[in-house]
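The values are calculated or read from the model by the stated rules, or taken from the named source; none is laboratory data. It should be emphasised that the depicted structure is a prediction, and the values quoted were computed from it without experimental measurement. Counting neighbours? That spans all protein chains shown, and the Cβs are built from the backbone with ideal geometry, glycine included.
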Amino acid sequence: MQTLKFNIVTRTRFSLPIIQFNAGAFFGDGSRFESEINGTGDGIGGFIDALTKAAAMLSSKKRREDALRLLFPTGLDKDQKFITGVERIKALTGLRLAGPHLIWSLNKQKDQIILRWLKDTFGITWMEGLHSVLIRPGGHRCAVRVSGQNDGSWAFGDFNLDHDRHSDLPALAFGK
């Protein structure tokens with residue numbers, strides 16, 4: 001069984017100048033971020049539990065697919081190829097979806113250890129947090145996402161909820 005080792009750093013103040021919506025208004029003073037990092041709500045505690053469960057499922061191909069569905073649901077029906085972000089949120093009702101604070105903390109983690117492990121272990125190169133919907137200054141609704149880059153790093157940004165998603169663009173969730 002693989003073992004993950006990482007540290008979680010709590011930050012109470014931060015800014016997000018790299019994205020275009022008003023991050024200061026949404027993320028506030030960081031108190032929601034801090035509570036998620038400390039394992040309450042839909043934060044890092046539940047995510048670590050889900051990672052542990054998913055890692056235990058890697059023993060067979062079938063179980064690997066179960067682990068992928070646990071952590072990275074698409075909301076797609078069997079014969080469906082595309083789904084909008086709004087449709088995905090409806091399809092994933094009842095799952096504990098990651099929020100923007102968790103996606104941000106995974107991206108800002110030193111050396112992005114968890115994101116790199118997810119890519120190496122599951123082949124994931126893109127995921128979004130649909131727990132909270134953000135409104136950009138132009139009025140477009142979006143969700144935050146991270147995406148793998150060619151150099152192995154991950155980039156943080158947003159993705160319009162009206163745009164199509166396919167199976168390679170999953171959400172990040174951790175159980176019911």
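When residues of segment 139-163 are filtered for being surrounded by 13 or more Cβ atoms within 10 Å (Cβ to Cβ) and acidic (Asp, Glu), how many remain?
Within segment 139-163, residues that are surrounded by 13 or more Cβ atoms within 10 Å (Cβ to Cβ) and acidic (Asp, Glu) number 1.
Would you confirm, using the coordinates I've provided, whether residue 103 is surrounded by fewer than 16 Cβ atoms within 10 Å (Cβ to Cβ) and among the hydrophobic types (A, V, I, L, M, F, W, C)? Quick ask: steps written out before the conclusion?
Details: surrounded by fewer than 16 Cβ atoms within 10 Å (Cβ to Cβ): no; among the hydrophobic types (A, V, I, L, M, F, W, C): yes.
In short, no.
Among (1) more than 16 Å from the chain's Cα centre (by Cα); (2) under 19 Å from residue 73 (Cβ atoms), where does residue 99 come up short?
(1)
Quick check on residue 49: is it in a helix (DSSP H, G or I), among the charged types (D, E, K, R), modelled with pLDDT of 80 or more and surrounded by fewer than 18 Cβ atoms within 10 Å (Cβ to Cβ)? Write out each step before concluding.
On the way: in a helix (DSSP H, G or I): yes; among the charged types (D, E, K, R): yes; modelled with pLDDT of 80 or more: no; surrounded by fewer than 18 Cβ atoms within 10 Å (Cβ to Cβ): yes.
No; evaluated as a whole, the condition is false for this residue.
Within segment 104-113, is even one residue farther than 15 Å from residue 51 by Cα, modelled with pLDDT under 90 and in contact with a His (Cβ under 7 Å, 6 or more places away or on another chain)?
no
In segment 52-89, which residues are of a type in the set (Gly, Ala, Ser) and modelled with pLDDT of 85 or more? If you could, list the steps in order and put the result at the bottom.
Of the residues in segment 52-89, the ones of a type in the set (Gly, Ala, Ser) are 54-56, 59-60, 67, 75, 85.
Across segment 52-89, the qualifying residues are 75, 85.
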